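Report on the structure given below.
The values are calculated or read from the model by the stated rules, or taken from the named source; none is laboratory data. The structure presented is a predicted model; accordingly, all values stated were derived computationally and were not measured. We place every Cβ from the backbone using ideal geometry, glycine too, and count neighbours over all the protein chains shown. Please note that ligands, DNA and RNA were not included when accessible areas were found on the heavy atoms of the full protein model with its side chains. Shrake-Rupley method; radii C 1.70, N 1.55, O 1.52, S 1.80 Å.
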Amino acid sequence: MAGKSGTIQVESRSISLSNLDKVLYPAAGFIKAQVIDYYVRISRYILPHLKDRPITLVRYPEGVRGEHFFEKNAPGHTPNWVKRFAVPHRVRTGVIHYILINDLPTLVWAANLASLELHPFLHRAPKINSPTEMVFDLDPGEGADIFTCVRVALLVREVLDELKLQSFAKVSGSKGLQLYVPLNSGLSYDVVKPFAKTFAEFMEQRHPDLVISKMPKNLRSGKVFIDWGQNTESKTTIGVYSLRAKSDRPYVSLPVTWDELIAVQRGNARESLYFEPEAALARLAKIGDLFAPVEKLKQKLPKEIVASVKRTPKMLETYRQKRDFSRTSEPPPVIPERSRQGATRRFVIQKHAASHLHYDFRLEMHGVLKSWAVPKGPPLVKEEKRLAMPTEDHPLDYLSFEGIIPKGQYGGGTVMVWDIGTYDLIEGNFFKGYLKFYLQGKKLKGEWVLTRSRDDGDRPKWFLIKGGEKPAKISRVAENRSALSGRTMEQIAKNPEREWQSNRPPRAT
């Protein structure tokens with residue numbers, strides 16, 4: 001793959017690729033095209049381990065040195081053919097729509113989002129309370145390193161062998177190791193998590209100078225933390241064969257044999273525990289998938305230990321189905337809630353009858369509303385371009401403002417919330433003058449692009465462009481009514497309810 005963008009056919013799916021020459025791993029000069037190529041070539045090995053497991057994507061649109069975010073909910077621009085699985089929120093009503101990477105087209109699509117790291121759950125849908133394996137994440141504290149982790153891993157294996165439990169190791173692609181114990185026997189997290197906790201505590205008691213089972217980092221100096229807390233329905237672990245984004249080089253989370261770990265302990269060969277993509281692919285071609293048994297091997301935890309684990313019965317949880325207020329005749333004035341993680345943020349488009357009627361386009365970003373004045377309103381036809389003049393940042397409270405700015409003040413006039421919702425950033429950077437995003441509003445749904453003109457001058461010009469494949473259709477009734485209250489501009493002007501006091505002086509006339 002070459003060039004900056006293009007469309008490829010993957011099996012029966014047509015997938016648009018972008019920014020293929022962007023460097024994501026600076027030390028290796030490893031570009032986005034190579035990331036996608038790696039996931040294509042590793043697909044026969046990685047897909048069986050991802051199948052039907054809800055996935056958290058960790059996205060690095062600007063590379064490993066740039067801002068990154070965890071993407072749990074499927075972005076609004078997710079193609080219809082990408083499978084999803086709804087999981088109830090743990091602390092509030094509603095669901096999280098995780099994606100399932102069950103095929104090559106979905107894997108390529110995710111890689112194109114700069115999803116460098118893939119973090120699956122230990123369970124498979126729909127059995128979200130039953131982990132198929134137990135995992136111990138070995139994390140070295142200050143003064144310890146990956147060789148200390150190797151030493152602890154071999155000690156853990158000895159005890160697991162005594163319990164007649166086979167285990168499999170993989171390097172994390174960072175500074176630690178992970179040990180997997182296949183289960184595939186229908187056990188619930190209610191049993192597996194306390195068992196893992198008891199096991200980690202036992203290892204700490206047996207090797208107090210080397211192992212810690214408690215999370216506080218100030219207790220880990222010179223020791224290895226056995227993270228047993230990964231064995232819960234709400235946690236994910238870096239997937240086998242996934243890339244890592246912990247350094248400037250593209251290391252892979254890769255299985256290793258116990259014999260290799262023993263050899264490392266004897267020879268202290270640090271380089272043998274880090275694998276870049278080509279080395280990982282060559283190794284797989286030679287020795288195959290060392291983690292294949294993890295998906296099929298059935299093992300039960302020792303009965304006598306399971307019996308001693310204190311079980312805390314879970315209270316039955318009822319989930320209230322969310323009403324689709326967009327289908328009711330009088331939608332309530334609800335402000336969209338920002339996702340706590342990921343790219344999802346809020347947007348508002350306000351119809352503003354000031355000295356000239358125009359639309360104010362605002363995106364929640366960096367703790368403020370980045371704002372543009374769009375005289376003719378948002379473009380609705382594919383590739384249509386509209387002038388978008390940048391204005392000052394607005395406070396987040398302005399997101400729901402609908403009313404009037406008194407005459408004589410800057411921007412004096414009537415303001416209507418023409419559309420409101422959330423948006424997913426597909427790619428781009430505000431400071432570089434390019435943003436591609438997917439709007440999920442009450443009126444607008446689809447892709448748009450904001451791009452800054454190269455001829456900045458004193459006041460840079462931006463353009464709002466309709467992207468995607470389908471035009472946005474707005475009914476005549478919806479065009480003239482608030483997305484928040486259902487009122488017209490005339491009704492708002494007669495009964496404004498709210499006033500906004502501008503802190504900017506009015507423009508000279």
Heavy-atom accessible area order for ASP161, ASP227, ASP209, ASP103, largest first, 1.4 Å probe: ASP209, ASP161, ASP103, ASP227
Using θ = phi - 60° and Karplus 6.51 cos²θ - 1.76 cosθ + 1.60, couplings along region 62-68 (whole Hz; Gly, Pro as x): 9, x, 5, 8, x, 5, 10
Simple spin-label estimate for GLN205 and THR232 in nanometres, 7 Å along Cα-Cβ: 2.3
Extension gain from LYS300 to GLN166, taking 0.36 nm per residue of separation minus the Cα-Cα distance: 47.2 nm
Added length on full extension, which subtracts the Cα-Cα distance from 0.36 nm per residue, SER475 to LEU396: 25.6 nm
Cβ charges +1 (Lys, Arg) and -1 (Asp, Glu), total dipole of the chain, debye: 1160
Exceeding the 26 Å Cα-Cα cut-off - candidates LYS407/LYS461; LYS436/LYS461; LYS217/LYS296; LYS4/LYS442: LYS407/LYS461; LYS217/LYS296; LYS4/LYS442
Mean-position separation - Cα centroids, region 369-389 and region 80-154, in angstrom: 38
From the C-alpha gyration tensor of region 94-134, square roots of 5λ in Å: 22, 12, 10
Nearest-ten-degree value, helix 277-287 long axis tilted from longest Cα axis of the chain: 40
Amide H contacts of LEU183 (H built 1.01 Å from N, under 5 Å, at least 5 apart or other chain): GLU133, MET134, GLN299
Accessible area in the full protein assembly, largest first, 1.4 Å probe, for TRP109, TRP81: TRP81, TRP109
Among (1) 81, 56, 41; (2) 84, 54, 46; (3) 76, 51, 41, the entry derived from the coordinates for Cα extents along the principal axes in Å: (2)
Compactness relative to 2.2 N^0.38 Å, alpha carbon Rg of region 94-185: 1.34
Relative counts (whole %) of C-alpha pair distances in region 1-88, using bins that are 5 Å wide: 3, 11, 16, 23, 25, 16, 5, 1, 0
Spin-label pair GLU383/PHE69, simplified geometry with 7 Å Cα→Cβ offset, distance in nm: 3.0
Two-site FRET efficiency, SER453 against GLN491, from Cβ-Cβ distance with R₀ of 35 Å, rounded to 0.05: 0.40
Mean Cβ neighbour count within 10 Å, used as a protection proxy, ranking 23-36, 478-491 highest first: 23-36, 478-491
Nearest-0.05 FRET efficiency for LEU154 and ILE8, computed from C-beta distance (R0 60 Å): 0.85
C-alpha long axis of helix 189-206 to longest principal axis of the chain, angle in °: 50
Amide H contacts under 5 Å for ARG346, placed H, 5+ residues apart: GLU364, TYR423
List PHE202, PHE195, PHE85, ordered by accessible area with a 1.4 Å probe, largest first: PHE202, PHE85, PHE195
Lys/Arg +1, Asp/Glu -1 at C-beta; the chain dipole; positive extreme among PRO140, VAL181, TYR434: TYR434
Span per principal axis, largest first, for the Cα atoms of region 112-163 (Å): 36, 34, 15
Angle between the chain longest axis and helix 258-267 axis [Cα atoms, degrees, rounded to 10]: 80
Where the Cα pairs of region 180-260 fall when distances are cut into 5 Å bins, in %: 3, 12, 16, 18, 22, 20, 8, 2, 0
Rounded FRET efficiency, nearest 0.05, which uses the C-beta distance separating VAL368 from ARG41 and R0 of 51 Å: 0.75
